[in-house]
1. How long are the semi-axes of the equivalent ellipsoid of region 94-191, taking √(5λ) for every eigenvalue λ of the Cα gyration tensor, in whole Å from largest down?
2. By how many degrees, between 0 and 90 and to the nearest 10, does the Cα long axis of helix 268-279 differ from the longest principal axis of the chain?
3. Grab the other residues whose beta carbon is less than 13 angstrom from that of LEU108, score K and R as +1, D and E as -1, and report the net.
4. Binned at 20 Å from 0, what are the whole-percent values of the Cα-Cα distance distribution for the chain, short to long?
5. Taking the DSSP beta bridges in the chain as the whole, what percent of them are antiparallel, to the nearest 5?
6. Quote the relative contact order of region 52-121 in percent (integer), defining contacts as alpha-carbon pairs under 8 Å separated by 6+ residues.
7. Name the residue from ILE59, VAL268, LEU41 whose Cα lies farthest towards the positive end of the charge dipole of the chain, charges +1 on Cβ of Lys and Arg and -1 on Cβ of Asp and Glu.
8. Quick check: net charge around ALA171, other residues with Cβ under 15 Å of its Cβ, Lys/Arg +1 and Asp/Glu -1?
Amino acid sequence: MKIFVTGGAGYIGSHTLVRLLSAGHEICVFDNFSNSSPEALARVKQLTNRDFALVEGDIRDASALTRALVEFGADAAVHFAGLKAVGESSEKPLLYYENNVSGSAHLLAAMDAAGCRRIVFSSSATVYGEAQCLPFDEDHPIAPTNPYGRTKAMVEGMIRDWSAATPDASAVLLRYFNPVGAHESGRIGEDPQGIPNNLMPYIAQVAIGRRERLSIFGDDYDTRDGTGERDYIHVVDLADAHLAALDYTGRAAGCEAINVGTGKGITVKELVAAYERACGHSIAYEITPRRPGDVAISFAATGKARELLGWEAALNVDAMCASSWLWQSTNAEGYGETA
Ligand code: NAD
Ligand code: UDP
């Protein structure tokens with residue numbers, strides 16, 4: 001199948017490319033490298049021994065996007081491109097609406113121009129907002145608490161409307177929980193710019209000595225040990241979920257939102273302990289006040305993914321930490337330094 005991958009050079013995109021190429025698909029990556037490096041794509045080629053097309057471009061540029069998609073003749077699109085920093089989205093909301101919402105509208109229009117009717121979209125568990133009940137199932141009310149989450153909810157709605165108006169269209173909105181870890185080779189992984197916003201890359205940078213200590217944002221939550229509980233999902237499992245979702249779009253029309261998580265919550269302290277086992281030394285941390293906007297617990301209901309996609313997570317927290325450490329310890333500066 002010919003698959004057009006926006007944002008393919010990014011963290012989740014690069015891991016998914018490895019799986020798509022290994023499965024024999026023909027790929028065109030469309031990325032502006034605003035939060036990624038061409039080096040990630042070079043390493044994907046090395047890992048898979050497969051080549052693919054690359055168009056350096058911005059999804060906000062409707063004509064460039066349409067040209068690329070029509071020329072490639074895509075059968076399906078996997079749409080990763082977007083901005084994802086929750087804090088930044090409150091400071092620069094219009095930048096987020098323009099990138100994530102307008103960019104996605106251009107992608108759907110380009111798909112129409114190319115006669116492409118299948119899409120898998122990177123949504124987020126953040127669309128649920130505050131838990132009314134746990135685990136989060138896909139029918140939980142949608143009430144995001146920040147501009148980033150609102151862009152994801154808006155794009156979900158837009159894709160749903162597009163699929164209803166487009167004969168034979170098929171869309172899967174994958175609601176990722178907390179993606180972590182790296183490819184087992186240690187050659188590709190998460191390479192955040194500046195100070196990491198997320199827990200796992202922060203722990204990894206403390207482990208390698210790039211940062212002095214982790215701040216644990218609150219230990220007075222109503223959880224097993226007082227620290228926040230999240231559903232961490234191995235990025236390689238997440239990559240496989242995209243293959244299963246693409247497969248699904250080939251056999252069912254319509255639009256489905258599907259959680260991608262393990263169904264199991266892990267606390268901050270439990271993740272730190274697992275990372276210590278992986279790297280073989282202790283991780284310095286201090287307890288600091290809660291981060292505004294954080295919820296105590298978030299984990300996924302996983303039944304719909306199993307039922308519709310035949311997919312479930314296979315890799316545990318030790319595999320997540322071991323792969324992250326292999327990537328971090330062999331690429332201390334991420335893609336900035338060639339290992
Ligand atoms: P990432 O930043 O590593 O990858 C995003 C890619 O999109 C990058 O290569 C970036 O250069 C590209 N991009 C951004 N804006 C673009 C534009 N206007 N035109 C072309 N390319 C553009 O992020 P990621 O972690 O791989 O996330 C991929 C998707 O999954 C994003 O849409 C994100 O919101 C979503 N998501 C991520 C997480 C997470 O924790 N990583 C959780 C839930 C959802
Ligand atoms: N967290 C933390 N220190 C950090 C970053 C995150 O204690 O430096 C906590 C955060 O409060 C939450 C969990 O780790 O309980 C996961 O946070 P992350 O930002 O990775 O994901 P999200 O908040 O999107 O679930």
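1. 24, 20, 15
2. Helix 268-279 sits at roughly 90 degrees to that axis.
3. Overall, the nearby charge balance is 0.
4. 32, 61, 7
5. Once the DSSP bridges in the chain are tallied, antiparallel ones form about 5 percent.
6. That works out to 51 percent.
7. Towards the positive end, the residue furthest out is LEU41.
8. -1
Quick note: the coordinates plus some simple rules give every number you see, no bench work behind them. Model, not experiment: these values are computed from the prediction. Note that we place each Cβ from the backbone using ideal geometry, even for glycine, and neighbour counts take in every protein chain shown.
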